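Quick notes on the structure that follows.
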């Protein structure tokens, strides 16, 4: 399973990579650091021409260059990308961010825990649910 992590914090990206590496489902984690890179990856443009289409996107909201809300809106508005599940994984607990993410058709919204062990548990929970239980649509 290919997962795209859109995360500008190197520490959080490293933690997620470690958690997926220890997981029970074989995954390939691809990491980009901003919204423009995320859309290029998803659309397979430029340096990302040969990358696989991810089965799942983990999206931070507060990103440089193009924020996660804009990225989410573009993903869900693009017929070639809209079926890819997008999990918002962010530090924001703001009700407005939660509401806006669901209005933009996020598949779920998770607040990143600040505690290391809890963060690992959250990533493993994502893996258990989205990589083991859920039947995902075929990739385009």
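The values are calculated or read from the model by the stated rules, or taken from the named source; none is laboratory data. As the structure is a computational prediction, the values presented were derived from the model and not from experiment. Every residue, glycine among them, receives a Cβ derived from its backbone with ideal geometry; neighbour counts consider all protein chains shown.
Within the stretch 12-26, is even one residue at pLDDT below 90, closer than 14 Å to residue 131 by Cα, in contact with a helix residue (DSSP H, G or I) (Cβ under 7 Å, 6 or more places away or on another chain) and surrounded by fewer than 16 Cβ atoms within 10 Å (Cβ to Cβ)? Yes, some residue in the stretch 12-26 is at pLDDT below 90, closer than 14 Å to residue 131 by Cα, in contact with a helix residue (DSSP H, G or I) (Cβ under 7 Å, 6 or more places away or on another chain) and surrounded by fewer than 16 Cβ atoms within 10 Å (Cβ to Cβ). Among the residues of the stretch 95-118, just one is in contact (Cβ under 8 Å) with a residue 12 or more places away in the chain, over 17 Å from residue 74 (Cα atoms) and assigned to a helix (DSSP H, G or I), namely 116. Residues in the stretch 52-69 that are in a loop (DSSP other than H, G, I, E, B) and more than 11 Å from residue 106 (Cβ to Cβ): 52, 53, 54, 55, 60, 62, 63, 64, 65, 66, 67.
Quick check on the stretch 70-82. Is at least one of its residues in a loop (DSSP other than H, G, I, E, B), modelled with pLDDT under 95, over 13 Å from the mean Cα position of the chain (by Cα) and under 25 Å from residue 24 (Cβ atoms)? Among the residues of the stretch 70-82, not one is in a loop (DSSP other than H, G, I, E, B), modelled with pLDDT under 95, over 13 Å from the mean Cα position of the chain (by Cα) and under 25 Å from residue 24 (Cβ atoms), which makes the answer no.
Residue 34 falls short on exactly one of the conditions (1) modelled with pLDDT of 95 or more; (2) surrounded by 20 or more Cβ atoms within 10 Å (Cβ to Cβ), and that condition is (2). Checking each residue of the stretch 37-51 against the condition of being in a loop (DSSP other than H, G, I, E, B), in contact with a strand residue (DSSP E or B) (Cβ under 9 Å, 6 or more places away or on another chain), surrounded by 12 or more Cβ atoms within 10 Å (Cβ to Cβ) and in contact (Cβ under 8 Å) with a residue 12 or more places away in the chain gives at least one match.
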